[in-house]
Amino acid sequence: MATIATLERQRKLVPIEVHLDRGEKAWRVLYGTPDFIAWLDSDLVSLKTTIIGCEIEPIEQVDAVFHEYVSGLYMHPDDRFKKLSCRPDHFVWEFKTLDIRIFGWIPRKDHFICTFGDMKDRIELMRSYGTYIAKTVYIRTQMALQPTHIASAEYHNVLSNAH
Amino acid sequence: MSYQMRISPRSRTAGRFIARVHAEIQKAFVASGLKQNDLAKKLGVDRSAVNKQLLGQSNLTLRSIADLAWALDAPISFSIGHDEVAHDVKRNFCDGLSDTRTEDSGELSRLGVKTITPDTAREPEYV
(Lines give C-alpha, C1' and ligand atoms only; values in the text may rest on other atoms or scores of the structure.)
Protein backbone atom coordinates (compact mmCIF):
# COMPACT_ATOMS: atom_id res chain seq x y z
CA MET A 1 0.00 0.00 0.00
CA ALA A 2 1.46 3.36 -1.03
CA THR A 3 0.68 6.97 -0.29
CA ILE A 4 1.40 9.97 -2.46
CA ALA A 5 4.20 10.90 -0.06
CA THR A 6 5.91 7.50 -0.33
CA LEU A 7 5.57 7.48 -4.11
CA GLU A 8 7.08 10.96 -4.17
CA ARG A 9 10.01 9.77 -2.05
CA GLN A 10 10.48 6.83 -4.42
CA ARG A 11 10.37 9.29 -7.33
CA LYS A 12 7.48 7.46 -8.91
CA LEU A 13 5.48 10.67 -8.67
CA VAL A 14 6.83 14.16 -9.25
CA PRO A 15 4.96 17.26 -8.04
CA ILE A 16 4.39 19.71 -10.90
CA GLU A 17 4.82 23.32 -9.85
CA VAL A 18 3.02 26.01 -11.77
CA HIS A 19 4.22 29.59 -11.70
CA LEU A 20 1.64 31.58 -9.77
CA ASP A 21 1.15 35.27 -10.12
CA ARG A 22 1.29 37.69 -7.23
CA GLY A 23 -1.52 37.07 -4.77
CA GLU A 24 -2.30 33.59 -6.10
CA LYS A 25 -1.93 30.45 -4.02
CA ALA A 26 -1.96 26.79 -4.92
CA TRP A 27 -5.45 25.42 -4.40
CA ARG A 28 -5.15 22.10 -6.22
CA VAL A 29 -2.18 19.78 -6.61
CA LEU A 30 -0.69 18.27 -9.76
CA TYR A 31 1.64 15.29 -10.04
CA GLY A 32 3.22 13.54 -12.98
CA THR A 33 4.83 10.20 -13.56
CA PRO A 34 8.51 10.41 -14.57
CA ASP A 35 7.58 9.53 -18.15
CA PHE A 36 5.00 12.30 -18.24
CA ILE A 37 7.54 14.78 -16.88
CA ALA A 38 9.95 13.71 -19.64
CA TRP A 39 7.20 14.38 -22.21
CA LEU A 40 6.53 17.81 -20.67
CA ASP A 41 10.19 18.68 -20.66
CA SER A 42 11.13 17.53 -24.15
CA ASP A 43 8.28 16.61 -26.50
CA LEU A 44 5.80 19.32 -25.56
CA VAL A 45 8.33 22.10 -26.08
CA SER A 46 8.76 21.20 -29.73
CA LEU A 47 5.08 20.73 -30.61
CA LYS A 48 3.35 23.30 -32.82
CA THR A 49 -0.33 24.07 -33.06
CA THR A 50 -2.14 22.49 -35.99
CA ILE A 51 -5.13 24.80 -35.75
CA ILE A 52 -5.32 27.57 -38.32
CA GLY A 53 -5.97 30.83 -36.54
CA CYS A 54 -4.87 29.55 -33.15
CA GLU A 55 -2.73 32.09 -31.36
CA ILE A 56 -1.19 29.89 -28.69
CA GLU A 57 1.27 27.04 -28.97
CA PRO A 58 0.77 23.70 -27.17
CA ILE A 59 3.20 24.51 -24.34
CA GLU A 60 1.32 27.78 -23.68
CA GLN A 61 -1.99 25.93 -23.76
CA VAL A 62 -0.74 23.38 -21.24
CA ASP A 63 0.68 26.04 -18.93
CA ALA A 64 -2.67 27.87 -19.08
CA VAL A 65 -4.77 24.80 -18.24
CA PHE A 66 -2.36 23.74 -15.45
CA HIS A 67 -2.52 27.27 -14.06
CA GLU A 68 -6.33 27.16 -14.06
CA TYR A 69 -6.23 23.85 -12.22
CA VAL A 70 -3.60 24.70 -9.61
CA SER A 71 -4.91 28.19 -8.84
CA GLY A 72 -8.38 26.78 -8.22
CA LEU A 73 -10.18 28.50 -11.07
CA TYR A 74 -13.43 27.16 -12.43
CA MET A 75 -12.68 24.40 -14.94
CA HIS A 76 -15.23 24.23 -17.73
CA PRO A 77 -16.61 20.66 -17.51
CA ASP A 78 -16.30 19.61 -21.13
CA ASP A 79 -13.90 22.12 -22.57
CA ARG A 80 -11.10 21.92 -20.02
CA PHE A 81 -11.52 18.90 -17.77
CA LYS A 82 -13.44 15.79 -18.59
CA LYS A 83 -13.92 12.21 -17.49
CA LEU A 84 -13.39 9.84 -20.37
CA SER A 85 -16.30 7.63 -21.29
CA CYS A 86 -15.47 3.97 -21.09
CA ARG A 87 -17.25 0.72 -20.18
CA PRO A 88 -16.62 -0.36 -17.53
CA ASP A 89 -15.86 3.11 -16.21
CA HIS A 90 -12.23 3.44 -15.11
CA PHE A 91 -12.50 7.07 -14.00
CA VAL A 92 -9.66 8.26 -16.17
CA TRP A 93 -9.84 12.00 -16.77
CA GLU A 94 -8.30 14.37 -19.27
CA PHE A 95 -7.22 17.98 -19.40
CA LYS A 96 -8.24 19.46 -22.72
CA THR A 97 -6.63 22.27 -24.65
CA LEU A 98 -7.08 23.17 -28.31
CA ASP A 99 -4.22 20.90 -29.43
CA ILE A 100 -3.38 18.72 -26.45
CA ARG A 101 -4.95 16.05 -24.29
CA ILE A 102 -3.40 15.10 -20.94
CA PHE A 103 -4.57 11.90 -19.30
CA GLY A 104 -4.51 10.88 -15.68
CA TRP A 105 -6.60 10.14 -12.65
CA ILE A 106 -7.80 11.70 -9.43
CA PRO A 107 -6.55 9.97 -6.27
CA ARG A 108 -8.32 12.47 -4.03
CA LYS A 109 -10.29 15.67 -4.42
CA ASP A 110 -8.24 18.49 -5.99
CA HIS A 111 -5.31 16.18 -6.73
CA PHE A 112 -4.49 15.00 -10.23
CA ILE A 113 -1.86 12.52 -11.40
CA CYS A 114 -0.79 13.04 -15.03
CA THR A 115 0.28 9.96 -16.95
CA PHE A 116 0.34 10.81 -20.67
CA GLY A 117 0.09 13.78 -22.98
CA ASP A 118 -0.35 13.84 -26.73
CA MET A 119 -1.63 15.91 -29.63
CA LYS A 120 -5.41 15.69 -30.02
CA ASP A 121 -5.05 15.21 -33.79
CA ARG A 122 -2.72 12.27 -33.36
CA ILE A 123 -4.94 10.64 -30.74
CA GLU A 124 -7.95 10.88 -33.03
CA LEU A 125 -6.02 9.71 -36.07
CA MET A 126 -4.57 6.71 -34.24
CA ARG A 127 -7.77 6.18 -32.26
CA SER A 128 -5.65 5.86 -29.14
CA TYR A 129 -8.07 7.05 -26.45
CA GLY A 130 -8.64 3.43 -25.41
CA THR A 131 -4.92 2.75 -25.31
CA TYR A 132 -4.28 5.76 -23.08
CA ILE A 133 -7.10 4.79 -20.74
CA ALA A 134 -5.73 1.23 -20.47
CA LYS A 135 -2.15 2.44 -19.94
CA THR A 136 -3.29 4.90 -17.26
CA VAL A 137 -5.23 2.18 -15.44
CA TYR A 138 -2.17 -0.10 -15.65
CA ILE A 139 0.08 2.57 -14.08
CA ARG A 140 -2.53 3.26 -11.39
CA THR A 141 -2.73 -0.45 -10.54
CA GLN A 142 1.06 -0.80 -10.43
CA MET A 143 1.37 2.14 -8.05
CA ALA A 144 -1.03 0.58 -5.58
CA LEU A 145 -1.87 4.00 -4.21
CA GLN A 146 -4.41 3.99 -1.37
CA PRO A 147 -7.02 5.19 -2.00
CA THR A 148 -6.46 4.46 -5.68
CA HIS A 149 -8.90 6.94 -7.18
CA ILE A 150 -12.20 8.74 -6.74
CA ALA A 151 -14.84 6.65 -8.45
CA SER A 152 -17.13 9.51 -9.32
CA ALA A 153 -17.97 11.46 -12.43
CA GLU A 154 -19.42 14.36 -10.47
CA TYR A 155 -17.35 17.51 -10.63
CA HIS A 156 -18.11 18.55 -7.09
CA ASN A 157 -16.63 15.25 -5.89
CA VAL A 158 -13.33 15.77 -7.64
CA LEU A 159 -12.91 19.55 -7.78
CA SER A 160 -13.46 22.48 -5.51
CA ASN A 161 -13.06 26.06 -6.65
CA ALA A 162 -11.02 28.73 -4.93
CA HIS A 163 -13.45 31.49 -5.85
CA MET B 1 11.95 17.11 -6.02
CA SER B 2 9.36 19.00 -8.03
CA TYR B 3 9.19 19.97 -11.68
CA GLN B 4 8.44 23.40 -13.10
CA MET B 5 7.55 23.80 -16.77
CA ARG B 6 10.12 25.48 -18.98
CA ILE B 7 8.17 28.36 -20.46
CA SER B 8 9.24 31.97 -20.84
CA PRO B 9 7.34 34.64 -18.89
CA ARG B 10 6.31 36.19 -22.20
CA SER B 11 4.80 32.94 -23.50
CA ARG B 12 3.20 32.26 -20.14
CA THR B 13 1.54 35.67 -20.06
CA ALA B 14 0.24 35.32 -23.62
CA GLY B 15 -1.03 31.78 -23.16
CA ARG B 16 -2.84 32.47 -19.90
CA PHE B 17 -4.35 35.72 -21.12
CA ILE B 18 -5.67 34.27 -24.38
CA ALA B 19 -7.00 31.18 -22.59
CA ARG B 20 -8.73 33.41 -20.05
CA VAL B 21 -10.39 35.55 -22.70
CA HIS B 22 -11.73 32.43 -24.42
CA ALA B 23 -12.94 31.00 -21.11
CA GLU B 24 -14.76 34.26 -20.29
CA ILE B 25 -16.43 34.31 -23.71
CA GLN B 26 -17.50 30.68 -23.30
CA LYS B 27 -18.86 31.40 -19.83
CA ALA B 28 -20.83 34.41 -21.09
CA PHE B 29 -22.19 32.35 -23.99
CA VAL B 30 -23.40 29.57 -21.69
CA ALA B 31 -24.90 32.12 -19.27
CA SER B 32 -26.74 33.87 -22.12
CA GLY B 33 -28.73 30.76 -22.96
CA LEU B 34 -28.35 31.58 -26.66
CA LYS B 35 -27.66 29.02 -29.35
CA GLN B 36 -24.78 29.46 -31.78
CA ASN B 37 -27.32 30.06 -34.56
CA ASP B 38 -28.95 32.90 -32.59
CA LEU B 39 -25.58 34.48 -31.95
CA ALA B 40 -24.51 34.17 -35.59
CA LYS B 41 -27.78 35.72 -36.73
CA LYS B 42 -27.41 38.63 -34.32
CA LEU B 43 -23.85 39.26 -35.49
CA GLY B 44 -24.70 38.75 -39.15
CA VAL B 45 -22.05 36.08 -39.64
CA ASP B 46 -21.97 32.40 -40.46
CA ARG B 47 -22.52 29.93 -37.61
CA SER B 48 -19.18 28.27 -38.33
CA ALA B 49 -17.42 31.58 -37.66
CA VAL B 50 -19.12 31.84 -34.27
CA ASN B 51 -18.31 28.21 -33.54
CA LYS B 52 -14.62 28.84 -34.22
CA GLN B 53 -14.62 31.94 -32.03
CA LEU B 54 -16.26 30.08 -29.15
CA LEU B 55 -13.87 27.16 -29.47
CA GLY B 56 -10.87 29.48 -29.53
CA GLN B 57 -10.00 28.41 -33.04
CA SER B 58 -10.00 31.85 -34.57
CA ASN B 59 -7.97 34.95 -34.04
CA LEU B 60 -10.11 37.26 -31.93
CA THR B 61 -9.68 40.96 -32.45
CA LEU B 62 -10.71 43.57 -29.88
CA ARG B 63 -13.58 44.41 -32.22
CA SER B 64 -14.78 40.81 -32.40
CA ILE B 65 -14.61 40.48 -28.59
CA ALA B 66 -16.65 43.66 -28.24
CA ASP B 67 -19.16 42.39 -30.84
CA LEU B 68 -19.53 39.08 -29.00
CA ALA B 69 -20.04 40.88 -25.70
CA TRP B 70 -22.71 43.07 -27.29
CA ALA B 71 -24.49 40.09 -28.86
CA LEU B 72 -24.36 38.20 -25.56
CA ASP B 73 -25.57 41.28 -23.71
CA ALA B 74 -22.60 40.89 -21.35
CA PRO B 75 -20.60 43.84 -20.03
CA ILE B 76 -16.83 43.82 -20.54
CA SER B 77 -14.39 44.55 -17.75
CA PHE B 78 -10.70 44.89 -18.44
CA SER B 79 -7.65 45.92 -16.48
CA ILE B 80 -3.89 45.68 -16.68
CA GLY B 81 -1.70 46.06 -13.62
CA HIS B 82 -0.83 44.56 -10.29
CA ASP B 83 -3.43 44.28 -7.58
CA GLU B 84 -1.24 46.49 -5.41
CA VAL B 85 -1.61 49.28 -7.96
CA ALA B 86 -5.36 48.98 -7.75
CA HIS B 87 -5.09 48.98 -3.94
CA ASP B 88 -2.97 52.11 -4.06
CA VAL B 89 -5.39 53.82 -6.39
CA LYS B 90 -8.28 52.80 -4.15
CA ARG B 91 -6.47 53.92 -0.98
CA ASN B 92 -5.48 57.26 -2.49
CA PHE B 93 -8.95 57.75 -3.82
CA CYS B 94 -10.55 56.86 -0.48
CA ASP B 95 -8.16 59.17 1.38
CA GLY B 96 -9.67 61.98 -0.60
CA LEU B 97 -13.18 60.92 0.27
CA SER B 98 -13.06 61.36 4.03
CA ASP B 99 -16.79 61.94 4.40
CA THR B 100 -18.06 59.74 1.65
CA ARG B 101 -16.33 56.42 2.23
CA THR B 102 -19.53 54.46 2.25
CA GLU B 103 -20.13 55.48 -1.32
CA ASP B 104 -16.62 54.71 -2.53
CA SER B 105 -17.37 51.44 -4.30
CA GLY B 106 -19.77 53.11 -6.69
CA GLU B 107 -17.33 55.95 -7.33
CA LEU B 108 -14.49 53.50 -7.80
CA SER B 109 -16.44 51.39 -10.22
CA ARG B 110 -17.36 54.51 -12.22
CA LEU B 111 -13.64 55.30 -12.35
CA GLY B 112 -12.90 51.77 -13.55
CA VAL B 113 -11.04 50.78 -10.38
CA LYS B 114 -11.31 47.08 -9.65
CA THR B 115 -12.34 46.18 -6.08
CA ILE B 116 -9.97 43.60 -4.62
CA THR B 117 -11.54 40.79 -2.64
CA PRO B 118 -9.68 39.26 0.32
CA ASP B 119 -7.52 36.31 -0.51
CA THR B 120 -9.29 33.23 0.78
CA ALA B 121 -7.05 30.62 -0.78
CA ARG B 122 -6.00 27.74 1.41
CA GLU B 123 -2.84 25.68 1.52
CA PRO B 124 -3.18 22.36 -0.32
CA GLU B 125 -3.40 19.23 1.79
CA TYR B 126 -0.84 16.53 1.32
CA VAL B 127 -1.09 12.89 2.28
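The values are calculated or read from the model by the stated rules, or taken from the named source; none is laboratory data. These numbers were taken from a predicted model, which means no experiment stands behind them. When we count neighbours, we look across all protein chains shown, and the Cβ atoms used for this are built from the backbone with ideal geometry, even at glycine.
General observations
- Residue-level check: of (1) closer than 19 Å to A:Tyr155 by Cβ; (2) in contact with a helix residue (DSSP H, G or I) (Cβ under 8 Å, 6 or more places away or on another chain); (3) part of a loop (DSSP other than H, G, I, E, B); (4) facing chain B (nearest Cβ under 7 Å), A:Pro77 misses just (4).
- Top-ranked residue in segment A:3-45 [being out of contact with any helix residue (DSSP H, G or I) (no Cβ under 9 Å at 6 or more places or on another chain) and aromatic (Phe, Trp, Tyr); ranked as surrounded by the fewest Cβ atoms within 10 Å (Cβ to Cβ)]: A:Trp39
- Counting only residues that are more than 7 Å from chain B (Cβ to nearest Cβ) and among the small types (Gly, Ala, Ser), segment A:46-74 holds 2 of them.
- Qualifying residue in segment A:73-93 (condition: surrounded by fewer than 21 Cβ atoms within 10 Å (Cβ to Cβ), within 21 Å of A:Ile16 (Cβ to Cβ) and touching a Pro at 6+ places or on another chain (Cβ under 6 Å)): no
- Any hit, segment B:33-40, residues being acidic (Asp, Glu) and either at pLDDT below 90 or within 20 Å of the chain's Cα centre (by Cα) (or both): no
- Scanning segment A:9-32 for residues that are outside any loop (DSSP other than H, G, I, E, B) and within 9 Å of another protein chain (Cβ to nearest Cβ) yields a count of 6.
- Selected residue [more than 8 Å from every other protein chain (Cβ to nearest Cβ), charged (D, E, K, R), within 25 Å of A:Ala144 (Cα to Cα) and in a helix (DSSP H, G or I)] from A:Asp43, A:Asp89, A:Asp35: A:Asp35
- Of all residues making up segment A:92-114, the number that are away from chain B (no Cβ under 14 Å) and either within 23 Å of A:Leu125 (Cβ to Cβ) or of a type in the set (Val, Ile, Thr) (or both): 6
- Subset of segment A:127-163 that is without any contact (Cβ under 8 Å) to a residue 60 or more places away in the chain and surrounded by fewer than 12 Cβ atoms within 10 Å (Cβ to Cβ) - its residue that is farthest from A:Glu57 (Cα to Cα): A:Pro147
- Within segment B:1-37, tally of residues that are charged (D, E, K, R), surrounded by 15 or more Cβ atoms within 10 Å (Cβ to Cβ) and more than 8 Å from every other protein chain (Cβ to nearest Cβ): 1
- The residues of segment B:38-74 that are buried (at least 16 other Cβ atoms within 10 Å of the Cβ) and among the hydroxyl-bearing types (Ser, Thr, Tyr), listed by number, are B:Ser58, B:Ser64.
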